[in-house]
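What follows is one structure encoded as structure tokens, with my remarks underneath.
The values are calculated or read from the model by the stated rules, or taken from the named source; none is laboratory data. Quantities reported herein were computed from a predicted structural model and do not represent experimental measurements. Cβ: placed from backbone, ideal geometry, glycine included. Neighbour counts: every protein chain shown.
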Amino acid sequence: MKIAIIGAGVAGSIFAKGLANTPGIEVHCFERIAPGEHAESGTGLNIGPNAVQALQATDPELAQKITDVSFAWSGWRVSTMGGQELFNLKLKDIAPVEGWRLRWAELYRVLREAAGEAIRYNCTIDAITPKEDGTGRLDVAFTENGEAKTLADVDLLVAADGRFSQVRTQFRGPVNARQVGVGIFRLLVPNTSNGLIEDYEQWFNGPNRLLGYRVPDDSIYMSGTFPIPVGGDIPDEMKTREALRLAYTPTDGKLSAQGEWLVDLVTDENVDLHWARLQESPLCLREENVNILYLGDSSNGMVPTLGQGATQAVESTCAALDIVKKFAAVGQYDPALWLDTITKARQDRLRFVMDFSLEASDTLLAGSDPVSGTLKKTEAPFQAKLSQLYNDFAVPTGLLEEV
Ligand SMILES: Cc1cc2nc3c(=O)[nH]c(=O)nc-3n(C[C@H](O)[C@H](O)[C@H](O)COP(=O)(O)OP(=O)(O)OC[C@H]3O[C@@H](n4cnc5c(N)ncnc54)[C@H](O)[C@@H]3O)c2cc1C
């Protein structure tokens, strides 16, 4: 069984490592960047307890390696920029383990090192050609270190090539992302907060929100959002330091000590802000007549509100690994059956997580009242969904027992 994985990001690296020594499986993971090039992109990540639990169950050694380069994500506190606390959740009250907070580049480094030689770097994909024999297999033409090559007779192609997936674009056309009407910026800087910023927190001024936490090695990751016209670009005038100061300062001018430090940081001329917009792609797990599985953002680009992008990439990959390994253990190598089972295992779960992430974005939208909106999140219905989010990660019972 020959498996080609396109992309060695979160999903691709974990999948490549997990399959590397599985009997009967030959795995090739193609990554376009050079080895050791783990772009920072001004980013830290908080990864949810659901991914931690999933990886601990599927690959405990890899989970420990991530724990070693992370701080625990223990709590989630929300307050106003003036300092009024609205929400304060201890993750341990809702899930058996805490989450991770770490630098994006460190996560990639650990995952790629663990996958070792299963990853082929400096590879670009030139053509993916389904075979005409009705088997659903494919040929992959690629360029590796400048040399054109072909991997023929691929039984299963895993598109783990991220939100702007080349594979998905080839088979489905350009991804028609839904814009939510929120602009977002992010930054990663050395920690100069003197203990003001530690675990995951959010601060609101109207619907304008800052989010921040400390990551190893003593850096602060921060992001900020504010409403923009739905479907429109972020207005240039909103990107100025004056506009940002105005957006995050209450009308009475009173900022908490944290608030003051945060506003000074985002309006500091020497700090690089990376800009994007909140958007969601239509859910898509597989192709029908050709053996392609979409894994991670290529399948389910979602709004980042609950920190579930990488979290779901981990969760989906663990589920796919559990299923594939179970089939391989009983000598069942039919990719169509694998695709059916993985789709059944993940479809409803991913729909729930995407919808819940969108629902939780209500306080970021134009005209929203973050105080009442956040207080609502302390009530039973939201907390029950949060518990479902952080705990219902496993492949539904029955699906694996049928194998
Ligand atoms: C600013 C920001 C903050 C985020 N914060 C969080 C957070 O706090 N928590 C969270 O859970 N998620 C967060 N996310 C989302 C998270 O980063 C993604 O959901 C996650 O990386 C998806 O994993 P993936 O494996 O699907 O794709 P990626 O990690 O994007 O990996 C795709 C890989 O494919 C490679 N590739 C792409 N095209 C090709 C090609 N044609 N050929 C070869 N290789 C290719 C890329 O180089 C890359 O290595 C954040 C995202 C952003 C942008």
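Here are the numbers for this structure:
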read-out: Condition check for Gly301: near the ligand (Cβ under 8 Å from one of its atoms) and at positive phi; value: no
read-out: Residue list for the stretch 151-185, filter: closer than 26 Å to Ala336 by Cα, in a strand (DSSP E or B) and within 15 Å of the ligand (Cβ to nearest atom); value: Leu151, Val154, Leu157, Val158, Ala159
read-out: Criterion: of a type outside the set (D, E, K, R), closer than 20 Å to Lys2 by Cβ, surrounded by 22 or more Cβ atoms within 10 Å (Cβ to Cβ) and touching a residue at least 40 places away in the same chain (Cβ under 8 Å) - qualifying residue of Val314, Val290, Val324; value: Val324
read-out: Any chance Gln308 is under 18 Å from Tyr221 (Cα atoms), surrounded by 24 or more Cβ atoms within 10 Å (Cβ to Cβ) and within 12 Å of the chain's Cα centre (by Cα); value: yes
read-out: All positions within the stretch 103-127 that are more than 19 Å from the chain's Cα centre (by Cα), crowded, with 16+ Cβ neighbours inside 10 Å and part of a strand (DSSP E or B); value: Ile119, Arg120, Cys123, Ile125
read-out: Qualifying residue in the stretch 32-41 (condition: crowded, with 24+ Cβ neighbours inside 10 Å, hydroxyl-bearing (Ser, Thr, Tyr) and under 18 Å from the mean Cα position of the chain (by Cα)); value: no
read-out: The listed residue being within 30 Å of Gln383 (Cα to Cα) and either under 19 Å from the mean Cα position of the chain (by Cα) or not β-branched (Val, Ile, Thr) (or both), out of Ala57, Ala20, Ala8; value: Ala57
read-out: Contacts under 7 angstrom Cβ, first residue in the stretch 379-403 being of a type in the set (Ser, Thr, Tyr), partner surrounded by 15 or more Cβ atoms within 10 Å (Cβ to Cβ) and at pLDDT 95 or above, 6 or more apart; value: Ser387/Ile94; Tyr390/Gly48; Tyr390/Pro49; Tyr390/Asn50; Tyr390/Ile94; Tyr390/Ala95
read-out: Enumerated helices (runs of 4 or more DSSP H) restricted to the stretch 1-72, each holding at least 3 residues that are small (Gly, Ala, Ser) and within 15 Å of the ligand (Cβ to nearest atom); value: 10-19
read-out: In the stretch 221-250, residue farthest from Gly75 (Cα to Cα) [restricted to those that are assigned to a strand (DSSP E or B) and over 19 Å from the mean Cα position of the chain (by Cα)]; value: Pro227
read-out: Residues satisfying the stated conditions in the stretch 350-395, i.e. hydrophobic (A, V, I, L, M, F, W, C), over 21 Å from the mean Cα position of the chain (by Cα) and assigned to a loop (DSSP other than H, G, I, E, B); value: Leu365, Ala366
read-out: Scan of the stretch 305-340 for residues that are within 12 Å of the ligand (Cβ to nearest atom) and either at pLDDT below 95 or polar (S, T, N, Q) (or both), ordered by number; value: Thr305, Gln308, Thr311, Gln312, Ser316, Thr317
read-out: Near pairs, Cβ below 6 angstrom, 6+ apart or cross-chain, from the stretch 134-151 (closer than 18 Å to Gln170 by Cα) to any residue that is outside any strand (DSSP E or B); value: Gly136/Val290; Gly136/Asn291; Arg137/Lys131; Arg137/Asp155
read-out: Filtered residue count, the stretch 84-102, keeping only those that are surrounded by 15 or more Cβ atoms within 10 Å (Cβ to Cβ) and more than 11 Å from the ligand (Cβ to nearest atom); value: 8
read-out: Subset of the stretch 53-64 (residues that are of a type in the set (D, E, K, R) and either touching a residue at least 60 places away in the same chain (Cβ under 8 Å) or crowded, with 16+ Cβ neighbours inside 10 Å (or both)); value: Asp59
read-out: The one condition in (1) in contact with a Ser or Thr (Cβ under 9 Å, 6 or more places away or on another chain); (2) at negative phi that His28 fails to fulfil; value: (1)
